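**Student:** There's a structure below that I have some questions on.
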Amino acid sequence: MDPLGLKVILITCLVFVPLERLFALHPEQKVFRRAWGNDLIFLLLNGLVTKLGMLAVIVASLFVAERIVPTSVQDTVGALPFWIQIPLVILLTDLGIYWIHRMFHAVPWLWRFHEIHHSSEELDWLAATRVHPVDQILTRGSPLLVVIALGFSVWSISVCALLFHWQAFLVHSNVRIGFGPLRLLLVSPAFHHWHHSRDREARDMNFAGQLSFLDALFGTLHLPQGRMPTAYGLDQPVRQRYVLQLLYPFIGDRARQYLPVQTEAQPANPSLEGATHPPGR
Ligand SMILES: [Zn+2]
Ligand SMILES: [Zn+2]
């Protein structure tokens, strides 16, 4: 029994810690950066919470599938060859992730949950785990519900989930690994680092999880050549404590002003002062 997924965590550490030392984008950033302990708790506990949430999604998918999706559709989809199912599952799930992620940025009460993910001021593989469970279950669970209900095979869904898992760690990691021309097809570290950037020009851009061309298609691509962001995070930092971050979306605006503020690393970019995120609020 390994409910916390300690073996996977160990393998992930062994892959990404050396990778970030060898190809560091921000070499001055330490392995034990500020608030790494906070993110470690997210890594250990969120995995468990997400597994339970996903179990609920699978049960809901079977319920939906039985009542809404015709058996003929499920049989046809399930009979497709593996090499067709995999790109289809990636495309359908990433379309779902793109629009749900965009909604999390646009709808104020959803942004309160997603704000936790954007509160990291130093990005590395571990920052990928700082996601509020409500955000994680809705963003990953909704597209999963659709592909299960449509009848895609367990194998193809599992392979895609594994690819998504590793890509999520890679795109947050502190690496300067370019994808060359593939950057226009796949989400790269540069693509997702711009999503976390404090630069005004990058606000509410780059929503895709795996397929960067979706942002090009829907007019939200921001991937300037030869430049990388220098500052990440929110204008009004959220305190870096696990329990406070879990409760944060449920705390009213008036009560929030009494929360102690703590920053990880203040970006020295005066042009960003006064900017809000998401825009217009
Ligand atoms: Zn976001
Ligand atoms: Zn992210």
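**Student:** Could we say that R112 is among the basic types (K, R) and surrounded by fewer than 21 Cβ atoms within 10 Å (Cβ to Cβ) here?
**Tutor:** Working: among the basic types (K, R): yes; surrounded by fewer than 21 Cβ atoms within 10 Å (Cβ to Cβ): yes.
The answer is yes for R112.
**Student:** Looking only at residues that are under 20 Å from the mean Cα position of the chain (by Cα) and under 27 Å from R227 (Cα atoms) in segment 1-18, which one is least open to solvent (accessible area, probe 1.4 Å)?
**Tutor:** F16
**Student:** Suppose we filter V59, V31, V134 for residues that are within 16 Å of ligand 1 (Cβ to nearest atom), surrounded by fewer than 21 Cβ atoms within 10 Å (Cβ to Cβ) and at negative phi; which single one remains?
**Tutor:** The conditions single out V134.
**Student:** Sticking with this one: Need pairs with beta-carbon distance below 8 Å; first residue of a type outside the set (F, W, Y) and within segment 186-197, second within 11 Å of ligand 1 (Cβ to nearest atom) and open to solvent by 10 Å² or more (accessible area, probe 1.4 Å); sequence gap 6+ or separate chains.
**Tutor:** Matching pairs, first to second residue: V187/G209; H195/M205.
**Student:** Continuing with this model, one more query. Test of understanding: among Q225, Q236, Q240, which residue is open to solvent by 20 Å² or more (accessible area, probe 1.4 Å) and farther than 22 Å from A24 by Cα? Break it down into steps so the answer makes sense when it comes.
**Tutor:** On the way: Q225 fails: farther than 22 Å from A24 by Cα; Q240 fails: open to solvent by 20 Å² or more (accessible area, probe 1.4 Å).
On inspection, the qualifying residue turns out to be Q236.
**Student:** Also, I was wondering about something else. Among the residues of segment 116-128, count how many are within 10 Å of ligand 2 (Cβ to nearest atom) and open to solvent by 10 Å² or more (accessible area, probe 1.4 Å). I'd like the intermediate steps shown before the answer.
**Tutor:** Taking segment 116-128 first, the residues within 10 Å of ligand 2 (Cβ to nearest atom) are 117-118, 120, 123, 127-128.
Next cut, open to solvent by 10 Å² or more (accessible area, probe 1.4 Å) only: 117, 128.
Total meeting the criteria: 2.
**Student:** Additional query: Can you tell me which residue in segment 183-205 is farthest from ligand 1 (Cβ to nearest atom), limited to those that are open to solvent by less than 10 Å² (accessible area, probe 1.4 Å) and touching a strand residue (DSSP E or B) at 6+ places or on another chain (Cβ under 9 Å)? Even if it seems obvious, please write down each step before you answer.
**Tutor:** Taking segment 183-205 and keeping what is open to solvent by less than 10 Å² (accessible area, probe 1.4 Å), we get 187-189, 191, 193-197, 202.
Filter once more, so that each one left must be touching a strand residue (DSSP E or B) at 6+ places or on another chain (Cβ under 9 Å): 187, 189, 193, 196-197.
Values: V187: 12, P189: 15, H193: 12, H196: 8, S197: 11 Å.
Among residues in segment 183-205 that are open to solvent by less than 10 Å² (accessible area, probe 1.4 Å) and touching a strand residue (DSSP E or B) at 6+ places or on another chain (Cβ under 9 Å), the one farthest from ligand 1 (Cβ to nearest atom) is P189.
**Student:** Condition first: assigned to a helix (DSSP H, G or I), within 16 Å of ligand 2 (Cβ to nearest atom) and farther than 30 Å from R227 by Cβ. Can you find one or more residues in segment 49-60 that meet it?
**Tutor:** Within segment 49-60, the subset assigned to a helix (DSSP H, G or I) is 49-60.
Still in the running and within 16 Å of ligand 2 (Cβ to nearest atom): 50.
Subset that is farther than 30 Å from R227 by Cβ: 50.
Yes.
**Student:** Which condition does T230 not pass, out of (1) more than 13 Å from ligand 2 (Cβ to nearest atom); (2) touching a residue at least 60 places away in the same chain (Cβ under 8 Å); (3) of a type outside the set (D, E, K, R), if it passes all the others?
**Tutor:** (2)
**Student:** Next up: Scan segment 142-152 and tell me whether some residue there is on the phi > 0 side of the Ramachandran plot, in contact with a helix residue (DSSP H, G or I) (Cβ under 6 Å, 6 or more places away or on another chain) and either more than 13 Å from ligand 1 (Cβ to nearest atom) or polar (S, T, N, Q) (or both).
**Tutor:** Looking only at segment 142-152, we keep the residues that are on the phi > 0 side of the Ramachandran plot, and these are 151.
With in contact with a helix residue (DSSP H, G or I) (Cβ under 6 Å, 6 or more places away or on another chain) added as a condition, the list becomes 151.
Right, trim to either more than 13 Å from ligand 1 (Cβ to nearest atom) or polar (S, T, N, Q) (or both) and you get 151.
Scanning segment 142-152, I find at least one residue that is on the phi > 0 side of the Ramachandran plot, in contact with a helix residue (DSSP H, G or I) (Cβ under 6 Å, 6 or more places away or on another chain) and either more than 13 Å from ligand 1 (Cβ to nearest atom) or polar (S, T, N, Q) (or both), so the answer is yes.
**Student:** Which one is surrounded by the most Cβ atoms within 10 Å (Cβ to Cβ), of the residues in segment 137-182 that are under 17 Å from F104 (Cβ atoms) and of a type in the set (S, T, N, Q)?
**Tutor:** The residue in question is T139.
The values are calculated or read from the model by the stated rules, or taken from the named source; none is laboratory data. Worth saying up front: this structure is predicted, and the values here are computed from it rather than measured. Using ideal geometry, Cβ is built from the backbone for each residue, glycine included, and neighbour counts are taken over all protein chains shown. Note: accessible area is taken over every heavy atom of the protein model, side chains too, but ligands, DNA and RNA are not part of it. Shrake-Rupley method; radii C 1.70, N 1.55, O 1.52, S 1.80 Å.
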